[in-house]
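Here the structure comes first, spelled out in structure tokens, and everything after it is commentary.
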Amino acid sequence: MTAATASPTSPPSRKTSEGPPSPYTESEPPSPLAAPDRLASQDLTNTSPANSPPSSSSPHSREHRRQSSINSSDDDPYALAEKYYGDHKKKTFSKNSPLSRVRTFSTFESKASKKEFLRKLNDLNPLSDTIKEASEPPSSEVPSKSPSPPVLPSGQARAPQKNKPHFNLDMSLHADDDGHSADDDDDDDDDESDEFDDTHSENRFSQKRYPHNPPAEEVSPSAEVAPFPRAATATDNHNGFPQDDMTALQRQTIGNLNNNNGNTSNGLKKKPSIVPLYELADQSNESVKQNPMHFRRASMDDTIIRPKKYYISDVQDTLKELLANEDTDNNCQITIEDTGPKVLRLGTANSNGYKQASIRGTYMLSNLLQELTIASRFGRNQIVLDEARLNENPVNRMKRLISTSFWKSLSRRVTAENIVDMSRDTKIKEHWVDEQGKVHENQESHRIYVPHDRKDQYDFFNKIKNSRKDIHLDVQYLPEKIDADYIKSINKKPGLLALSTKENPEDPTNPTSWPYIVPGGRFNELYGWDSYMETLGLLTDVSPAHNLEHLELARGMCENFIYEIRYYGKILNANRSYYLGRSQPPFLTDMALRVFNKTIEVDPGSMNDALDFLRRATLSAIKEYETVWCCEPRLDKKTGLSCYHPEGKGIPPETEASHFDAVLKPYVEKYGISQPEFIEKYNNGEIKEPQLDEYFLHDRAVRESGHDTSYRLEGKCAYLATVDLNSLLYKYENDIAFLLSTFFHDELRGPDGKTHSSELWIERAKQRKQNVDKYLWCEEDSMYYDYNVHTEEQNNYESATTFWPLYSKLASDEQAAKLVHDSIPKFEEHGGLVAGTLKSRGEVGLRRPSRQWDFPFGWAPQQILAWIGLANYGYLGIARRLAYRWLFMMTKSFVDYNGVVVEKYNVTKGAVPHRVDAEYGNQGLDFKGVATEGFGWVNASYLIGLTFLDLYAQRALGALTPPAIFFKNLHPNQRKGYE
């Protein structure tokens, strides 16, 4: 295998060979998340559990989404908010134009122009003068319930009715002298009739001639129509119907039946709604049997099959009216819990707001609120809004918002303009004095810490500080040695930690920072394992011509991890000063391989730069493995397994103020002082409490594990050789062996002069698997358990981390089969995998509150790693089933609760999924009008989950089909794909 043919997700070969057991060989079907292998001609996109639909950026998907007129100058109603509402739109119209707006076109427009389509339709179906109706009796004793005009004596015209509006139901298109349809304009703004004046309506009825080109209307593909007979009147056309009372649909169908005597050979075929509604079939002579069917009277607006455009003349007033009517709980969101009328009438664009149409239902109204909020933030006072933007398929809308809006809102890059905001710490308030000597009490500070040997960054930040007199920015060097005592000493002086930069070719004195994604909410830093999940999501829609900025974000997070390992000794929990002592679950090797593969895919000419990146990432991963995870205090020498065991002293300063109240209460009462006083004395070492020291050792370890908090880990985490950590280290060992042998010929030289080869890493992986099987695997329960190295026994808490050995390919085929058969049912809930079982969690109450990583909550990383793991061993059907459950729960919450995407969910049936009352609650809920961020790894899980679902499943998801109903009604052959 060459360097260019590496695939970071192909399963390992089960056969023994002389080379390292690569986790990326091509011997088995790769995961749906595998990166395409260009040079090996391996189309990994076809190896997903089901062929997923093309990306939204592909030309094919755009055709399915909507077809535009050949000469249309209108904009895509699904475009980016910046393009839909952006400043350049204001230049389209004059300053005083009432329609200073966005122009869009119908999402259901035909491939051919209207003129061509209607001409062909008329040529194939000329109008007939008579109607023969044999299937209806000549008269009926039961009068029609539909209102109809009275039959008038011959020659007598119908008089206008006073005090009653007249509507022109003739929606026909008139041809001009050049053969162009009078309604065939570039604006495509013919959704509604333009009749405003009642006094002229009757004249216009009588003046209109039956069109040469009748309009195309939507009819059922199996409709067999026979209009009812009527007596002729003075205003009737010669076909026997009053022209002003016939819809274009009726006239068209009558003409077809008269001409063909009930048979049709026009070749029109009904297409699914995601493609143009009608298309002329080549040489088609299909016939339709004639059966009687009464016409239903059409609505006043005969163009309802096409999305409307709404003219909103005052965005702010409409927002106020919408919230006043619908937001009954006053949280600036419209949800199913609001008790408003669930309807709002807006003016239509074609009538310049004169005519109105209704917007109904929670989903459309909440989307309207979101669109108005976005338009308001772009400074728009008047807009024309596509109906397609309000009733957009929720799957498409959610995917679009994540890809085009949420990632952008969560992106960070340190610049001179935003350094103050980024350095601000919202978790800790402090006492500080500014340059003018003014004392600031209990306020947020602005501080950044720089490694001791990065003078270039220190000078850069000071240059920013000195150039702006309006800011207070404290720039500090870190010492060369960073230990627990130093970390504790700066707990009251929190600051942002500098990250990686690259040379700016235009100005070498102003380096450019690598970008990254933050989780969102209160977590506004570069987090460890969050970044890996976000990388998986970012790479799902990167192609040579689209979303290359997502690849830069993924590369930036890898570069920042390489920087952290070099200057801070580890991949940090997050880049804040109080996280200097602890890490998070390690994912760098797989992360770097995926970024490398995607880079070569989109830009094969960048091989040298990509290989240099891979070399630095490999050396960093080796350093992290040897100096963080496989040495004391994290390595247990007796078992050969590793534990989470970070450095640190005292009480973690970044936690919520009341988080440790119950723990500290006995000690506060013991010493007879206030809690703040006790914390101060305990942190300074004036009070010695060994039992409390051990508690906070485990508390920091829980936070390093990323599973903070859970009763699985509480009070013992630092002594647990966990399934999750040792699975990831096994993957590190195999990945590093693969990297060394494949890319660096087993001769990778490190900065210390040491040469690294794959042989050592292969042996390390074999030894770890033996240790895991011995200490962590429970044959009786068909499950992996954590192992307590102090008590020397398994901790039989049932956790979803039991599936991580599938992700890392640590489990044997037999172990994988037992996990799937015996353990999946223990964790599978309505909304996916639950973090832990109810049996293991036990009872909760005032004295034993819920923990967020326990039952009944589910988390995105647990879902993602389980999906990949199941796919690694060929259980694609189960992965697909679990993905559908998780995505349904997310989509249902998104639709019912104003577009919400949150950090975690309650996955049990009957719950309100996004309502989480454990610990600090949920992140992603605090928004007004429109969600702008979602939550990092949850956003990623949605994009990743869609790669496991075929088009049929995605359509069911868009229709909010509950998992139980969806699985029950599958065809038996389809059902096998979910088992």
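The number of residues in segment 495-526 that are closer than 30 Å to Pro676 by Cβ and either charged (D, E, K, R) or in contact with a Pro (Cβ under 7 Å, 6 or more places away or on another chain) (or both) comes to 2.
This table checks each residue for (1) of a type outside the set (Ser, Thr, Tyr); (2) modelled with pLDDT of 95 or more; (3) assigned to a helix (DSSP H, G or I).
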residue: Leu729; (1), (2), (3): yes, yes, yes
residue: Ser741; (1), (2), (3): no, yes, yes
residue: Pro805; (1), (2), (3): yes, yes, yes
residue: Ala811; (1), (2), (3): yes, yes, no
residue: Gln815; (1), (2), (3): yes, yes, yes
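Using the structure shown, decide if Leu865 is of a type in the set (A, V, I, L, M), free of Cβ contacts under 8 Å to residues at least 60 places away in the same chain and surrounded by 24 or more Cβ atoms within 10 Å (Cβ to Cβ). Break it down into steps so the answer makes sense when it comes.
Values: of a type in the set (A, V, I, L, M): yes; free of Cβ contacts under 8 Å to residues at least 60 places away in the same chain: no; surrounded by 24 or more Cβ atoms within 10 Å (Cβ to Cβ): yes.
In short, no.
A quick yes/no check of all residues on (1) buried (at least 16 other Cβ atoms within 10 Å of the Cβ); (2) farther than 14 Å from Asn524 by Cα; (3) not aromatic (Phe, Trp, Tyr):
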| site | (1), (2), (3) |
| --- | --- |
| Ala416 | no, yes, yes |
| Val420 | yes, no, yes |
| Glu430 | yes, yes, yes |
| Val433 | no, yes, yes |
| Gly437 | no, yes, yes |
| His440 | no, yes, yes |
| Gln443 | no, yes, yes |
| Tyr449 | yes, yes, no |
| Asp453 | no, yes, yes |
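Restricting attention to segment 770-782, does a residue exist that is in contact with a strand residue (DSSP E or B) (Cβ under 8 Å, 6 or more places away or on another chain), under 15 Å from Cys643 (Cβ atoms) and either of a type in the set (Phe, Trp, Tyr) or open to solvent by 70 Å² or more (accessible area, probe 1.4 Å) (or both)? Yes; the residues of segment 770-782 include at least one that is in contact with a strand residue (DSSP E or B) (Cβ under 8 Å, 6 or more places away or on another chain), under 15 Å from Cys643 (Cβ atoms) and either of a type in the set (Phe, Trp, Tyr) or open to solvent by 70 Å² or more (accessible area, probe 1.4 Å) (or both). The set of residues in segment 736-758 being of a type outside the set (Asp, Glu) and free of Cβ contacts under 8 Å to residues at least 60 places away in the same chain consists of His745, Arg749, Gly753, Lys754, Thr755, Ser757.
Taken as a whole, the condition of being under 13 Å from the mean Cα position of the chain (by Cα) and either modelled with pLDDT of 95 or more or of a type outside the set (A, V, I, L, M) (or both) does not apply to Gly921.
Do we find a residue being of a type in the set (D, E, K, R), open to solvent by less than 40 Å² (accessible area, probe 1.4 Å), out of contact with any Cys (no Cβ under 8 Å at 6 or more places or on another chain) and over 28 Å from Gly581 (Cβ atoms) anywhere in segment 462-470?
Scanning segment 462-470, I find no residue that is of a type in the set (D, E, K, R), open to solvent by less than 40 Å² (accessible area, probe 1.4 Å), out of contact with any Cys (no Cβ under 8 Å at 6 or more places or on another chain) and over 28 Å from Gly581 (Cβ atoms), so the answer is no.
Looking across segment 759-795, the residues that are in contact (Cβ under 8 Å) with a residue 60 or more places away in the chain, in a strand (DSSP E or B) and under 37 Å from the mean Cα position of the chain (by Cα) come down to Tyr784, Asp786, Tyr787, Asn795.
For the criterion of being among the small types (Gly, Ala, Ser) and within 30 Å of Ser489 (Cβ to Cβ), Gly347 fails. From the residues in segment 601-613 that are open to solvent by 10 Å² or more (accessible area, probe 1.4 Å), more than 25 Å from the chain's Cα centre (by Cα) and of a type in the set (A, V, I, L, M), which one is farthest from Tyr625 (Cα to Cα)? Out of the qualifying residues, it is Met607. Per the listing Thr742, Thr722, Thr755, the residue uniquely β-branched (Val, Ile, Thr), over 17 Å from Thr589 (Cα atoms) and open to solvent by 10 Å² or more (accessible area, probe 1.4 Å) is Thr755. Filtering segment 931-952 for residues that are open to solvent by less than 20 Å² (accessible area, probe 1.4 Å), in a loop (DSSP other than H, G, I, E, B) and farther than 23 Å from Arg522 by Cα leaves a non-empty set.
Restricting to segment 821-850, name every residue that is part of a helix (DSSP H, G or I) and surrounded by fewer than 21 Cβ atoms within 10 Å (Cβ to Cβ).
Hits for segment 821-850 are His821, Asp822, Ser823, Ile824, Pro825, Lys826, Leu838, Lys839, Ser840.
If you go through segment 595-652 and keep only what is within 26 Å of Ala574 (Cβ to Cβ), of a type in the set (Gly, Ala, Ser) and without any contact (Cβ under 8 Å) to a residue 60 or more places away in the chain, you end up with Ala617, Ser620. Can we say Asn973 is crowded, with 23+ Cβ neighbours inside 10 Å and polar (S, T, N, Q)? No.
For segment 431-453, the criterion of being under 27 Å from Met557 (Cα atoms) and more than 39 Å from the chain's Cα centre (by Cα) is met by at least one residue.
When the residues of segment 789-814 are filtered to those that are among the polar types (S, T, N, Q) and open to solvent by 20 Å² or more (accessible area, probe 1.4 Å), the one that is nearest to Leu729 (Cα to Cα) is Ser812.
Going residue by residue through segment 842-864, is there one that turns out to be over 23 Å from Ser710 (Cα atoms) and among the hydroxyl-bearing types (Ser, Thr, Tyr)?
no
The values are calculated or read from the model by the stated rules, or taken from the named source; none is laboratory data. Model, not experiment: these values are computed from the prediction. For neighbour counting, all protein chains shown are included, and Cβ atoms are generated from backbone atoms with ideal geometry for every residue, glycine included. For accessibility, only protein heavy atoms count, side chains too; no ligands or nucleic acids. Shrake-Rupley method; radii C 1.70, N 1.55, O 1.52, S 1.80 Å.
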